[in-house]
Amino acid sequence: MDNAEVTSPDTADITPGPPLWLLAELTYRCPLHCAFCFNPVDYARHESELDTDSWIRVLQQARALGSVQCGFSGGEPMLRDDLEELVGEARSLGYYTNLLTSGVGLNEKRARALKDAGLDHVQLSFQDSTRELNDFLSNTKTWKLKNQVASLIKEHEWPMVLNCVIHRMNIDYIDKIIEMAIDLGAEHLELANAQYYSWARVNRDHLLPSKEQIVRAEEVTARYREKYAERIRIIFVVPDYYESRPKKCMNGWGNVFLTITPDGTALPCHTARMLPGLEFPSVADHSVESIWYESEGFNRYRGKGWMKEPCRSCSEQDDDLGGCRCQAFMLAGDPAAADPVCTKSPQRAVVDAALDKAQLPDAELAPSQPLVFRDPKASRQLSRD
Amino acid sequence: MSDSEIDTASIPVIAPLFRLQFEKVQDSWVLLYPEGMVKLNPSASEILTRCDGRQSIDDIVTELESACQQTGLAADVIDFLSDALKQQWITLK
């Protein structure tokens, strides 16, 4: 969701604007086992879920603060049988409601109920266009189903965004993916390279494409973009490792995005719980207003006051706000460091080493471990490591 | 049809992908679309809130000129609507 186009107020050091974007992660449960899942690798330790009334309270409080986009996500949000009720509540509160789904569980009956509840938009994730690779990457038989779900989306006249996570193993088939999206009638196609957090960080050796692969994929995308400009908008997001400056993560910490995890923990982004020395409040104990404006967790990396060198004196500090705090922690060991994607970071060598490895042919890649699929057993194992 | 040839007898309407809504907290009109939002300035709001699928561009210009007690707004309105059309915020019928 880093490429979400939400306009934001100027980032002020003192008073943040409203949490325009509310991401409701309803559950970590999921029938798929994607090797690049963005849920925390230790999700199996956080199995409890807010009940319907608690979610409704969160929706009401955030809306009163000015939240206007609401994403229902997971895990697989279709696994919550109160999804229709929550969507209905959100829509009547005035949210633009987005369902982010793998499509599993979205049958004719539930599609109609969601339409009646006022659901505005469905983003359907595809792992790949070829059945074999799709089933391999999501580790289950879902390709046929996703085609059926895409038809349901069109039938109910929802705008359809197809999202396909791109990585080393499917990037060479990007033409097939684009053709599939056009065939299915998608208005938007997000070809977002895996970001190396959570499960994708564990599996990075398997997922990070070579430079050559990226260049080729960009050329193919540009060709289709030109040819089908009237029919589909295609967004291609390069892995930030290949950039020389970091992304302005979440459009600024605690600036626009508010994520509520299944157990009610409020986070400035869906991976922030990994950061050490920070307590994130729960909606079970605090109002959304006090969480957003007053909590230490949300205030810590707001604005620029927390910056160290080289960010503190950098002329570009407003462009990216030092990049991503989680990436700084993962790659530099310090959440207040410059994001090591930045070539001004003293730790840029860590990123370059990963890139060097990615240029090797597959046969010489020698990943540090086999591909780890997301499931509760692997999660418990990784929680112990 | 090129931008300059937009037919002022046609009737603009907000495209199905978008929702036009007033946001109290932001004290402004916004266009909402999948996972995004465009915050509208006052003149854009005046025009888009009149794209109701009933009034033609000519009607909208007349109404705006009367509301603002000003003449010669046609070029600005057409410019904006051409851009809105390009952004796919509206469709014409």
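Side notes on the structure shown:
- The stretch A:302-335: number of residues that are in contact (Cβ under 8 Å) with a residue 24 or more places away in the chain and small (Gly, Ala, Ser): 4
- Elements of type strands (runs of 3 or more DSSP E) in the stretch B:1-75, at least 2 residues being within 11 Å of chain A (Cβ to nearest Cβ): B:19-23, B:28-33, B:36-39
- All positions within the stretch A:120-160 that are in contact with a His (Cβ under 7 Å, 6 or more places away or on another chain), at pLDDT below 90 and within 14 Å of chain B (Cβ to nearest Cβ): A:Pro159
- Between A:Arg57, A:Arg45, the distinction of being at pLDDT 95 or above and away from chain B (no Cβ under 14 Å) belongs to A:Arg57 only.
- Residue tally, condition farther than 11 Å from B:Trp89 by Cβ and under 13 Å from the mean Cα position of the chain (by Cα), over the stretch B:22-38: 2
- Criterion: away from every other protein chain (no Cβ under 14 Å) and either among the acidic types (Asp, Glu) or free of Cβ contacts under 8 Å to residues at least 12 places away in the same chain (or both) - qualifying residue of A:Arg225, A:Arg204, A:Arg168: A:Arg225
- Test: residue in the stretch A:361-371 that is modelled with pLDDT of 90 or more, surrounded by 19 or more Cβ atoms within 10 Å (Cβ to Cβ) and not polar (S, T, N, Q): no
- When restricted to residues that are charged (D, E, K, R) and crowded, with 18+ Cβ neighbours inside 10 Å, the stretch A:209-246 contains 1.
- Scan of the stretch B:63-83 for residues that are buried (at least 17 other Cβ atoms within 10 Å of the Cβ) and more than 14 Å from B:Asp7 (Cα to Cα), ordered by number: B:Leu64, B:Leu73
- Every pair of residues 6+ apart whose Cβ atoms lie under 6 Å, when the first sits in the stretch A:30-50 and is farther than 23 Å from A:Pro209 by Cβ while the second is assigned to a loop (DSSP other than H, G, I, E, B) and among the aromatic types (Phe, Trp, Tyr): A:Tyr43/A:Tyr28
- Any hit, the stretch B:78-88, residues being touching a residue at least 60 places away in the same chain (Cβ under 8 Å) and under 26 Å from A:Leu22 (Cα atoms): yes
- Of everything in the stretch A:258-307 that is in a helix (DSSP H, G or I) and in contact with an Asp or Glu (Cβ under 8 Å, 6 or more places away or on another chain), the residue that is farthest from A:Ala332 (Cα to Cα) is A:Glu296.
- Filtered residues of the stretch A:245-268 (kept if among the β-branched types (Val, Ile, Thr) and either over 18 Å from A:Val288 (Cα atoms) or within 16 Å of the chain's Cα centre (by Cα) (or both)): A:Val256, A:Thr259, A:Ile260, A:Thr261
- Qualifying residue in the stretch A:277-291 (condition: farther than 30 Å from A:Thr52 by Cβ and surrounded by 21 or more Cβ atoms within 10 Å (Cβ to Cβ)): no
- Taken over the stretch A:65-105, the criterion of being assigned to a helix (DSSP H, G or I), within 14 Å of chain B (Cβ to nearest Cβ) and under 14 Å from A:Leu119 (Cβ atoms) is satisfied by A:Ala90, A:Arg91, A:Ser92, A:Leu93.
- Subset of the stretch A:63-77 [over 24 Å from A:Asn39 (Cα atoms) and out of contact with any helix residue (DSSP H, G or I) (no Cβ under 9 Å at 6 or more places or on another chain)]: A:Gly66
- Looking across the stretch A:76-98, the residues that are closer than 22 Å to A:Ser48 by Cα, surrounded by fewer than 23 Cβ atoms within 10 Å (Cβ to Cβ) and of a type in the set (A, V, I, L, M) come down to A:Leu79, A:Leu86.
- Scope the stretch A:332-348; condition hydrophobic (A, V, I, L, M, F, W, C) and in contact with a Pro (Cβ under 8 Å, 6 or more places away or on another chain); matching residues: A:Ala332, A:Ala338, A:Val341, A:Cys342
- Criterion applied to A:Ala192, A:Ala186, A:Ala266 was being of a type in the set (Gly, Ala, Ser), crowded, with 23+ Cβ neighbours inside 10 Å and modelled with pLDDT under 95, and the one residue passing it is A:Ala186.
- Residue check, A:Ala90 at pLDDT below 95 and of a type outside the set (Ser, Thr, Tyr): no
The values are calculated or read from the model by the stated rules, or taken from the named source; none is laboratory data. Treat the numbers as computed from the prediction; the structure is a model and nothing was measured. We place every Cβ from the backbone using ideal geometry, glycine too, and count neighbours over all the protein chains shown.
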